[in-house]
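Chemist: My questions will all concern the structure given below.
The values are calculated or read from the model by the stated rules, or taken from the named source; none is laboratory data. Computed from a prediction, not measured in an experiment: that's the story for all the values here. Cβ atoms come from the backbone with ideal geometry, glycine included; neighbour counts cover every protein chain shown.
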Amino acid sequence: MTSRRRFLRLAGLAGLATVVPAGALAGHVWVTAGRGNVGRVRFERPLAVPPVATPRRDAAGRTVHELALRAGTTELLPGRSTPTWGANGSYLGPTLRMRRGDVVAPRVRNDLPEATTLHWHGMELPAVADGGPHQLVPPGDTWQPSWRIDQPAATLWYHPHPHGSTRHHVHRGLAGMILVDDDRATGLLPERYGVDDIPLVLQDRTVTDDGGTDTDGIDFGGTDIVGLLGRDVFVNGTWGPVLRVTTQRIRLRVLNASNARVYDLALADGRPFHLVGSDQGLLPAPVETDHVRVSPGERVELVVAVRPGERLLLVSRPPELGANVLYDRLAGGDNEFHLLLLAADGQLAPSAPLPARLPAAAPVAPPPPGRPDRRFDLGDFTINGRTMDLGRIDFAVPLGTTERWRIRNRQGVPHNFHVHNAAFTVSGATAPDMRGRKDTVFVAPGAEVTLLVSFGQHADPTRPYMFHCHLLAHEDAGMMGQYVVVAPGTEDQVNPTNPIPHPHPHPHP
Ligand code: C2O
Ligand code: CU
Ligand code: CU
């Protein structure tokens, strides 16, 4: 199979039209790409719930979470031992709770054989603390950034971001949730962690018979138009997970920590649920829907009403990707997955009714008239015709402003778009996955999305933040750029050639 795939990869995207009708080889790819996990999984293992890390307080009063990044092995499929990476364990990492107003100073120790970074996805923080490709931590070293949490309650996450290797480091399992807590948002929704407030980290993977991971397709090219799509989906590392439900309502905080797979979450019987939060926190009011799309890097918070004694599957329907028939299939658009079995007790403890309104942060206001929009054309695995250069700053944003960003996908391949240190509102959004304040958004082939973007409260003319496609093969191939936030009026003084020495991660073996 590997050599077949390689052959097709060599044939290249341009050759696809002639390759596909060519029969057996193409037929194999076509069939494989259409496979989900329906009928292959027995739901009988208790859902693993990542532990909540216990921080300490240092002499300066800062909240310190310890994270040791390690290699290990994990039994992802019964009886097979799979080499994986994790934080404080062998796969994924603990949930970090950080309270608005606190000064945090997580200590990241790299016990991996390679240099990596740890990025706090969705966090507003100084660029030097961001954990992007410039904050490389060599093996054996410790990195301890610090910042004040100053943003609304939200479900964020952490993951590595070493330039050119992010797809490998995340796929091996380095991903964990960060729950930002804010008094304004407490007491309204189910919030007992692991009881009625459940983190769900989704990663797809193909585990081979000997327990290895099939990484064929992790680099995009040929028929691998979005990068790696795994055959199985693991929820918090559990295959065929069951969650015992003891309350009438549960809140599911879903993180798509997959390299390339887009999910369309639904309940198997099609019943509606409520979307209460997206990337950057709560929505202004619960939105009733029967499905929601989640692309890589995005988070959604759902509240599901459960009946006593029932067994209810959380599924991923074939996601709407907006591509042509061929690309849609190659990007996972025909795949259906069963994800999690909710097994309700015969007697359920009462849950408070859903509030009609939620304390959401206001939508991002449009910029003052006269400020030019910024355009980002996603095409040919570049942004505005360029690939990522750690030594180039693409533009400077004045501190305290908002901007209108127009993101256009000029390709037939799906992309998404993520901005560090930012929260944005999608202009004119009606689809459930476009609601609320976000930091990552799906951009279908040929589509244009307009974002109203606000930036964190930290200026630094020399250290950039990233914006990029969060399909990790695309990101690693260079679909990324850098911006800085500067004191208003100093935008023109920024050196477009990033003057700070930047590290290069060791090439991946
Ligand atoms: Cu989830 Cu640039 O990151
Ligand atoms: Cu990020
Ligand atoms: Cu992309």
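Chemist: With of a type in the set (Phe, Trp, Tyr), buried (at least 18 other Cβ atoms within 10 Å of the Cβ) and within 26 Å of THR186 (Cβ to Cβ) as the only criterion, which of TRP120, TRP85, TRP143 stands out?
Modeler: Exactly one residue qualifies, and that residue is TRP120.
Chemist: Test LEU229 against the stated conditions and say whether it is in contact (Cβ under 8 Å) with a residue 40 or more places away in the chain and either under 21 Å from ASP334 (Cα atoms) or among the hydroxyl-bearing types (Ser, Thr, Tyr) (or both).
Modeler: Answer is yes for this residue.
Chemist: Regarding THR462, is this residue closer than 18 Å to MET388 by Cα and without any contact (Cβ under 8 Å) to a residue 40 or more places away in the chain? Explain how you work it out, then say what you get.
Modeler: On the way: closer than 18 Å to MET388 by Cα: yes; without any contact (Cβ under 8 Å) to a residue 40 or more places away in the chain: yes.
It is true that THR462 is closer than 18 Å to MET388 by Cα and without any contact (Cβ under 8 Å) to a residue 40 or more places away in the chain.
Chemist: Quick check on my filter: what residues within the range 376-387 are more than 16 Å from ligand 2 (Cβ to nearest atom) and either exposed (fewer than 13 other Cβ atoms within 10 Å of the Cβ) or not aromatic (Phe, Trp, Tyr) (or both)? It would help to see each step written out before you state the result.
Modeler: Our first condition is that a residue be more than 16 Å from ligand 2 (Cβ to nearest atom); within the range 376-387, this holds for 377-382, 384-387.
Once the filter is applied, which keeps residues that are more than 16 Å from ligand 2 (Cβ to nearest atom) and either exposed (fewer than 13 other Cβ atoms within 10 Å of the Cβ) or not aromatic (Phe, Trp, Tyr) (or both), the range 376-387 yields ASP377, LEU378, GLY379, ASP380, THR382, ASN384, GLY385, ARG386, THR387.
Chemist: With the condition being within 20 Å of HIS418 (Cβ to Cβ) and either touching a residue at least 12 places away in the same chain (Cβ under 8 Å) or among the β-branched types (Val, Ile, Thr) (or both), I'd like the strands (runs of 3 or more DSSP E) fully within the range 93-160 carrying at least 3 qualifying residues.
Modeler: Passing ranges, in order: 119-121, 154-159.
Chemist: It is to be established whether one or more residues within the range 473-487 are away from ligand 1 (no atom under 16 Å from the Cβ), at pLDDT 95 or above and outside the structural domain of TYR158 (by TED's automatic domain parsing).
Modeler: yes
For every residue, the table says whether it meets (1) within 15 Å of ligand 1 (Cβ to nearest atom); (2) surrounded by fewer than 24 Cβ atoms within 10 Å (Cβ to Cβ); (3) of a type in the set (S, T, N, Q); (4) modelled with pLDDT under 95.
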{"site": "ASN409", "(1), (2), (3), (4)": "no, no, yes, no"}
{"site": "HIS420", "(1), (2), (3), (4)": "yes, no, no, no"}
{"site": "SER427", "(1), (2), (3), (4)": "no, yes, yes, no"}
{"site": "ASP439", "(1), (2), (3), (4)": "yes, no, no, no"}
{"site": "ALA444", "(1), (2), (3), (4)": "no, yes, no, no"}
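Chemist: Within the range 423-436, can one find any residue that is within 23 Å of LEU255 (Cα to Cα) and within 16 Å of ligand 2 (Cβ to nearest atom)?
Modeler: Yes, the range 423-436 has at least one match.
Chemist: Identify, from the list ASP328, ASP373, the residue that is surrounded by fewer than 17 Cβ atoms within 10 Å (Cβ to Cβ) and at pLDDT 95 or above.
Modeler: Just one listed residue meets the conditions, ASP373.
Chemist: Any idea which of ALA285, ALA323 is in contact with a Gly (Cβ under 7 Å, 6 or more places away or on another chain) and in contact (Cβ under 8 Å) with a residue 40 or more places away in the chain?
Modeler: It is ALA323.
Chemist: Answer with yes or no whether ARG249 is out of contact with any Lys or Arg (no Cβ under 6 Å at 6 or more places or on another chain), modelled with pLDDT of 95 or more and within 20 Å of GLY34 (Cβ to Cβ). Full working, then the answer.
Modeler: Values: out of contact with any Lys or Arg (no Cβ under 6 Å at 6 or more places or on another chain): yes; modelled with pLDDT of 95 or more: yes; within 20 Å of GLY34 (Cβ to Cβ): no.
Judged against the criteria, ARG249 is not a match.
Chemist: Which one is surrounded by the fewest Cβ atoms within 10 Å (Cβ to Cβ) among residues in the range 41-67 that are outside any loop (DSSP other than H, G, I, E, B), charged (D, E, K, R) and touching a residue at least 12 places away in the same chain (Cβ under 8 Å)? Walk me through it before giving the result.
Modeler: The initial filter retains those residues of the range 41-67 that are outside any loop (DSSP other than H, G, I, E, B), namely 45-46, 52, 56-57, 63-64, 66-67.
When the remaining residues are screened for being charged (D, E, K, R), the result is 45, 56-57, 66.
This time we only want the ones that are touching a residue at least 12 places away in the same chain (Cβ under 8 Å), so: 45, 66.
Working: ARG45: 14, GLU66: 17.
For the range 41-67, the residue satisfying everything is ARG45.
Chemist: Looking only at the range 352-370, count how many residues are surrounded by 17 or more Cβ atoms within 10 Å (Cβ to Cβ) and either assigned by TED's automatic domain parsing to the domain that holds VAL441 or among the hydrophobic types (A, V, I, L, M, F, W, C) (or both).
Modeler: Number satisfying all stated conditions: 5.
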